[in-house]
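Data first, discussion second: the structure below is written as structure tokens.
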Amino acid sequence: TVTCSDCHKGILYADKTPRDCYACHKSTDVHRRKLGTRCDTCHNSRDWRLWDFNHDTRTTFKLDGGHKGLKCDDCHTAPMDTRVKLSSACGGCHKKDDPHESRFGPHCDRCHTTTRWQIIKPDIGGLRVR
């Protein structure tokens, strides 16, 4: 618990005290802004040690196949502003691993499984792989 004056440095309630977590707690941000500055997206304000974020339900990028079991900072490597923005296209992270050199676009998962990239899906838009 903190006193009002710990945050409100002026004598008015409606002073210019920041309303976001990061403004006051940036020096203790263990994520170093890699997960944005909206700490309350994952953490509970009653106890910051409590966090809950289900990537599969709260984002459009499911952590399945080869992405299952990854830690947040395996993908989130650069500091972000308020919201986290990363490409959901395979080529966004795996461009250097692309043997096709982007000739088929950035969405490798249209033809390959996400479990092992060496495996090609059995039926690809009219093409049948044997």
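Annotations
- Counted residues, the stretch 65-80 - those being over 12 Å from the mean Cα position of the chain (by Cα) and either exposed (fewer than 13 other Cβ atoms within 10 Å of the Cβ) or under 17 Å from G36 (Cβ atoms) (or both): 2
- Flag for D6 being over 17 Å from the mean Cα position of the chain (by Cα), surrounded by 11 or more Cβ atoms within 10 Å (Cβ to Cβ) and among the acidic types (D, E): no
- Test: C4 is touching a Cys at 6+ places or on another chain (Cβ under 8 Å) and either closer than 30 Å to T114 by Cβ or among the hydrophobic types (A, V, I, L, M, F, W, C) (or both): no
- Single match in D56, D109 (criterion: open to solvent by 50 Å² or more (accessible area, probe 1.4 Å), out of contact with any Gly (no Cβ under 9 Å at 6 or more places or on another chain) and not in a loop (DSSP other than H, G, I, E, B)): D56
- The residue that is surrounded by the most Cβ atoms within 10 Å (Cβ to Cβ), counting only those in the stretch 24-47 that are free of Cβ contacts under 8 Å to residues at least 12 places away in the same chain and assigned to a helix (DSSP H, G or I), is K26.
- Of all positions in the stretch 14-23, at least one carries a residue that is modelled with pLDDT under 85, surrounded by 12 or more Cβ atoms within 10 Å (Cβ to Cβ), hydroxyl-bearing (S, T, Y) and assigned to a loop (DSSP other than H, G, I, E, B).
The values are calculated or read from the model by the stated rules, or taken from the named source; none is laboratory data. A quick note: this is a predicted structure, and the numbers were derived from the prediction, not measured. Heads up, the Cβs are rebuilt from the backbone with ideal geometry, glycines too, and the neighbour counts pull from every protein chain shown. All accessible areas refer to the heavy atoms of the entire protein, side chains included, with ligands and DNA or RNA removed. Shrake-Rupley method; radii C 1.70, N 1.55, O 1.52, S 1.80 Å.
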